[in-house]
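Participant: Shown below is the structure under consideration.
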Amino acid sequence: MATDPLAWLDDELAGLEALGLRRRLATRAGPQTAAEIVLDGRRLVNFSSNDYLGLAASSLSKAVQEAVDQVGWGSGASPLVTGRGELHARLEEELAAFEKTEAALLFSSGYAANVGAIASLAGKGDVVFSDAKNHASIIDGCRVSGARIVVYPHRDASALESLLKQSREFRRRLIVTDALFSMDGDLAPLAELAELARSHEAMLMVDEAHATGVFGAAGRGVCEHLDVEDGVHIRVGTLSKALGSLGGFVAGRRSLIAWLANRARSYVFSTAPPEAMAAAGLEALRIVREEPHRRIELLQRAASLRDRLQRDGWNVGESQSQIIPLTIGDPQPTMQLSAALRERGFLAPGIRPPSVPEGESLLRLSLSYAHSPEQLEQLADAARNLRRVI
């Protein structure tokens, strides 16, 4: 009898199960709202979403419906063929104005934006310096590029400086970092990185995915918050988190955007996202401009919750944002705590390797403007009462 070439999958899945690392798909009913969610038939207070400003189920829906009536849904081809519509172009113009850059380019996702940008800016004979806790999309972009990859310790500008001094033989040097790290909720030392990029004639690329709409006086992100925008050459953002929609973008000088439109394979060879999604992006930018209280109150509530959790003995690391980790260490107790909170009505996902390094499993609490102070207090009370679980 012929051997089943996929038989190994069952053994590998059993191995993941034994280590507490197996994931299973859940099904959501109804809309994704940042405050509450119905998952696998159960209503939960939602601390898992990246919908930081509570926009995903807001007036964006009406904007999309109106756009679909006008322009339909599918784009039909890549942006360079027939896929780029008037709403796409308008959103790119608005994003550039919002970011105070010369131009911007839309991608189908933030993942595609990072992979496309890095692989277009660095290649054989070049070197990319990447923070040890950068998002998987940055890591994959580095790998696809074919450049030498040098991983520097998390947020360690001094170590990066030493590595840059040893990189003079390379044609181009690219430093790439998340602005706000998606698991630990801490911020990159962008002022130091901008100075290192300047002094070593390196390109600096910053992914503001989790900070766009949340940080900065105008909501542009950590670059604005730390007043280093002039020192950052390539800015990446997403429409799928605080802006409540989907898609990613790169903003920068006009020549950068022209180069990416010609060389970013994840742009050139992907069908353009639906034009109606651009209507959602335009509406989200309007809200970010006109309703700054959303981001202000979000960060205030996050600071209060961090303080409460720390007083209760939880390790929240160096979080300075709306992302608050409860670091446990091992996968099994992490998932036990997540399950116990779920039984009490809270969706607080456990994060395990490979999403985080070995020994750093955690609960990732993702706060939204849509959460009420009462919901945050209830979560903190439940977590305090469950400390015996770990």
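Participant: Yes or no: the range 119-134 includes at least one residue that is farther than 30 Å from residue 34 by Cα and of a type in the set (Asp, Glu).
Facilitator: Within the range 119-134, one or more residues are farther than 30 Å from residue 34 by Cα and of a type in the set (Asp, Glu).
Participant: Quick check, is residue 316 crowded, with 16+ Cβ neighbours inside 10 Å, at pLDDT 95 or above and in a loop (DSSP other than H, G, I, E, B)?
Facilitator: So residue 316 passes the test.
Participant: Let me ask something else about it. Out of (1) closer than 28 Å to residue 268 by Cα; (2) at pLDDT below 90; (3) polar (S, T, N, Q), the odd one out for residue 32 is which?
Facilitator: (1)
Residues are listed down the side, and each one gets a yes or a no for (1) in a helix (DSSP H, G or I); (2) buried (at least 19 other Cβ atoms within 10 Å of the Cβ); (3) touching a strand residue (DSSP E or B) at 6+ places or on another chain (Cβ under 8 Å); (4) not assigned by TED's automatic domain parsing to the domain that holds residue 273:
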{"site": "88", "(1), (2), (3), (4)": "yes, yes, yes, no"}
{"site": "96", "(1), (2), (3), (4)": "yes, yes, yes, no"}
{"site": "105", "(1), (2), (3), (4)": "no, yes, yes, no"}
{"site": "112", "(1), (2), (3), (4)": "yes, yes, yes, no"}
{"site": "116", "(1), (2), (3), (4)": "yes, yes, yes, no"}
{"site": "125", "(1), (2), (3), (4)": "no, no, no, no"}
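Participant: Sort through 209, 202 and tell me the only one that's crowded, with 20+ Cβ neighbours inside 10 Å and farther than 23 Å from residue 289 by Cβ.
Facilitator: 202
Participant: Can you tell me which of (1) in a loop (DSSP other than H, G, I, E, B); (2) free of Cβ contacts under 8 Å to residues at least 60 places away in the same chain; (3) closer than 27 Å to residue 325 by Cα; (4) not charged (D, E, K, R) is the one residue 20 doesn't meet?
Facilitator: Checking residue 20 against (1) in a loop (DSSP other than H, G, I, E, B); (2) free of Cβ contacts under 8 Å to residues at least 60 places away in the same chain; (3) closer than 27 Å to residue 325 by Cα; (4) not charged (D, E, K, R), the one that fails is (2).
Participant: Another question about this same structure. Can you tell me which residue within the range 327-378, out of those that are basic (Lys, Arg) and either part of a strand (DSSP E or B) or surrounded by 22 or more Cβ atoms within 10 Å (Cβ to Cβ) (or both), is farthest from the chain's Cα centre (by Cα)?
Facilitator: The residue in question is 352.
Participant: Here's a follow-up. Can you tell me which of 182, 145, 130 is in contact with a His (Cβ under 7 Å, 6 or more places away or on another chain) and within 27 Å of residue 360 (Cβ to Cβ)?
Facilitator: 182
Residues are listed down the side, and each one gets a yes or a no for (1) surrounded by fewer than 24 Cβ atoms within 10 Å (Cβ to Cβ); (2) among the polar types (S, T, N, Q); (3) under 19 Å from residue 324 (Cα atoms); (4) assigned by TED's automatic domain parsing to the domain that holds residue 351:
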| position | (1), (2), (3), (4) |
| --- | --- |
| 153 | yes, no, no, no |
| 159 | yes, no, no, no |
| 164 | yes, no, no, no |
| 185 | no, no, yes, no |
| 189 | yes, no, yes, no |
| 193 | no, no, no, no |
| 221 | no, no, yes, no |
| 226 | yes, no, no, no |
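Participant: Still on this structure, please answer the following. Among the residues that make up the range 107-114, is at least one of them of a type in the set (S, T, N, Q) and more than 21 Å from the chain's Cα centre (by Cα)?
Facilitator: no
Participant: Just give me the residues in the range 66-111 being basic (Lys, Arg) and under 17 Å from residue 282 (Cβ atoms), in sequence order.
Facilitator: Answer for the range 66-111, where residues must be basic (Lys, Arg) and under 17 Å from residue 282 (Cβ atoms): 84, 90.
Participant: Out of all the residues in the range 360-381, is one or more on the phi > 0 side of the Ramachandran plot and not aliphatic (A, V, I, L, M)?
Facilitator: Within the range 360-381 (the criterion being on the phi > 0 side of the Ramachandran plot and not aliphatic (A, V, I, L, M)), the answer is no, since none of the residues qualifies.
Participant: Next up: I'd like to check something: does the range 27-44 contain any residue that is in contact with a helix residue (DSSP H, G or I) (Cβ under 9 Å, 6 or more places away or on another chain) and part of a loop (DSSP other than H, G, I, E, B)?
Facilitator: Yes; the residues of the range 27-44 include at least one that is in contact with a helix residue (DSSP H, G or I) (Cβ under 9 Å, 6 or more places away or on another chain) and part of a loop (DSSP other than H, G, I, E, B).
Participant: Which of the numbered conditions does residue 231 fail, given that it passes all the others? Conditions: (1) in contact (Cβ under 8 Å) with a residue 60 or more places away in the chain; (2) surrounded by fewer than 22 Cβ atoms within 10 Å (Cβ to Cβ); (3) in the same structural domain as residue 115 (by TED's automatic domain parsing).
Facilitator: Single failed check for residue 231: (1).
Participant: Could you give every pair whose Cβ atoms fall below 6 Å, whose first residue belongs to the range 163-179 and is touching a residue at least 24 places away in the same chain (Cβ under 8 Å), and whose second residue is among the small types (Gly, Ala, Ser) and part of a strand (DSSP E or B), counting only separations of at least 6 or pairs across chains?
Facilitator: 176/130
Participant: Within the range 172-193, can you find the residues that are basic (Lys, Arg) and either part of a strand (DSSP E or B) or at positive phi (or both)?
Facilitator: 173
The values are calculated or read from the model by the stated rules, or taken from the named source; none is laboratory data. Values in this document were obtained by computation on a predicted structure and should not be read as measured data. Positions of Cβ are backbone-derived with ideal geometry, glycine not excepted, and every protein chain shown enters the neighbour counts.
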